[in-house]
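Here's the structure we're looking at; comments come further down.
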Amino acid sequence: MEDLRSTCCVVGGGPAGVMLGYLLARAGVSVTVLEKHKDFFRDFRGDTVHPSTMQLLKELGLLGDFLQQPHQKVETVGGVYGGYAFRLGDLRKLRVDTPYIALMPQWDFLNFLSSKARVFPEFSLRTEHEVTGLIERDGRVRGVVVRTPSGEQRIEADLVVACDGRHSLMRKDAGLPLKDLGVPIDVLWFRLSKKENDPVKAVMANINYGKMLILIDRQEYFQAGLIIRKGGFQALQQQGLDNFRASLRQVVPHLGDRADEIRDWDQVKLLTVQVNRLLKWWRPGLLCIGDAAHAMSPVGGVGINLAIQDAVAAANVLAGALRAGQNTDALLGRVQRRRTFPVRAIQRMQVTVHRGLATIFRHTGPMRAPRLLKVVVHLPGVKRLLARVVGMGVRREHVRTPDVHRA
Ligand SMILES: Cc1cc2nc3c(=O)[nH]c(=O)nc-3n(C[C@H](O)[C@H](O)[C@H](O)COP(=O)(O)OP(=O)(O)OC[C@H]3O[C@@H](n4cnc5c(N)ncnc54)[C@H](O)[C@@H]3O)c2cc1C
């Protein structure tokens, strides 16, 4: 196949890659986004679009159209700990246009964003294009090698941005050093049906009998997430499905016979939770952002939003130089410096929450909510603070890149 050239080559069409592609193309930079899958339709992989992301969509003039897409609003996050019902976060007081989390399947969000990006002639999304390696010359990354349905192809670029997620091949190929923060939990995701009189509101964490089951109300069904000990899935499978179903009923009794809907382990997807970050996000010619630079825990549901903020920061720093055809190597460290603080701050919070979650596993019988929880949820400002950190993030980014197509 013929070799291709693009000013910027983005590896991976997840939230980070599609947003970066959109912003660069909008700023007049020729950009090729390579996605190994045929489309965006995958298993459940996080559906939370936070107010910080919606504010960015507003800055881009896309919020109105985004809100036309089917979504659900989550205004509060709470739970039931051993029979004690509490509310931990309340987003309604955030001073933004959309003081709630919008639950929207990730593929819908990516289809929406890529449809907006396609309007720009500089944007190209190539699906079924799997990057298999980097092209390097004279100590600099010069492009990527791609496996396509029609054969292997080489794409040369002034800059390659790795947005290929937490199993990033690009960062491995580039030999970038990774710091793993260690996690004591994994999550099992599955679906359960809903009943009209279910007492579940939006997102609820249910804790009892040494277990935690998160129920996310998706209107037609519950997306359920059972927190388990790290590496504990195999042992759970060996104990059998009856035992698994019984433990669901134990922690959320009103599920009743709906636990029997899990008839096969194939219905249960293991999320191996990781929290890690690159010590160096770049090499000459290559930058990593999103999960490729820092895998986040599902705690707080912030992975998508951090990936988007990374993309905005990267575009802000790099778009002008890329458009002018300048070498961007000296700018790549600026992206890392800008984004390291929010990543570290959020990861530290997640690690602290994990420690608390790991103590749940010590229990076997009925549990009582700790006094500290009862005090904390009544402290003025706590719900607002948590809502602020989760909803708006730390060190918010704003779009600084121009729309060169606007007359
Ligand atoms: C089960 C699950 C639940 C989650 N829940 C939430 C949640 O509720 N809220 C939240 O904010 N986050 C959640 N996350 C995390 C969130 O999905 C990620 O943080 C976010 O998607 C990261 O975006 P990204 O663009 O950096 O990477 P990804 O979304 O991982 O995108 C990477 C893309 O690169 C593609 N790719 C990979 N390798 C190659 C290659 N070699 N060539 C070409 N393409 C390639 C992949 O197919 C993928 O499309 C969850 C994750 C999982 C797995």
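The values are calculated or read from the model by the stated rules, or taken from the named source; none is laboratory data. On a predicted model such as this, the values are computed, not experimentally measured, just so you know. Glycine gets a Cβ as well: all are built from the backbone with ideal geometry, and neighbour counts include every protein chain shown. Surface accessibility is based on the protein's heavy atoms, side chains included, excluding ligands, DNA and RNA. Shrake-Rupley method; radii C 1.70, N 1.55, O 1.52, S 1.80 Å.
Take the chain with all the other protein chains still there, run a 1.4 Å probe, and you get 45 Å² of accessible area per residue. Normalised by the number of residues in region 1-136, the mean separation of alpha-carbon contacts (under 8 Å, six or more apart) gives a relative contact order of 36 percent.
A Förster radius of 45 Å combined with the Cβ-Cβ distance from Thr364 to Leu67 puts the calculated FRET efficiency at roughly 0.45. Summing charges over all other residues whose Cβ lies under 13 Å from the Cβ of Glu220, with Lys and Arg as +1 and Asp and Glu as -1, gives +1. Note on the chain: with a GNM built from Cα contacts shorter than 10 Å, the maximum mean-square fluctuation among Asp158, Asp329, Asp198 falls on Asp198.
Surface composition of region 201-333: carbon and sulfur make up 50 percent of the accessible area, probe 1.4 Å. Taking the DSSP bridge list for the chain and keeping only pairs wholly inside it, about 70 percent are antiparallel.
Per-residue surface analysis assigns His398 an accessible area of about 60 Å², computed on protein heavy atoms at 1.4 Å probe radius. Across the accessible surface of region 1-41, with the other protein chains kept in place and a 1.4 Å probe, carbon and sulfur atoms take up 49 percent.
For the chain, the mean residue ellipticity at 222 nm estimated from helices alone is -10000 deg cm²/dmol, where every DSSP H run of n ≥ 4 contributes -39500 (n - 2.57) and the total is divided by all residues, rounded to the nearest 500.
What a 1.4 Å probe finds exposed on region 74-184 is 45% carbon and sulfur by accessible area, rounded to a whole percent.
Here's the list of lysines a cross-link from Lys280 could span, going by alpha-carbon distance under 23 Å and ignoring same-chain residues fewer than 8 apart: Lys172, Lys179. When nucleic acids and ligands are ignored and a 1.4 Å probe is applied, Glu2 ends up with an accessible area of around 150 Å². Of all the options Ala102, Ala157, Ala85, the one that moves most in a Gaussian network model of the chain with Cα springs shorter than 10 angstrom is Ala85.
What net charge do the residues around His398 carry, taking every other residue with its C-beta under 13 Å from that of His398, with Lys and Arg at +1 and Asp and Glu at -1? So the environment of His398 carries a net charge of +3.
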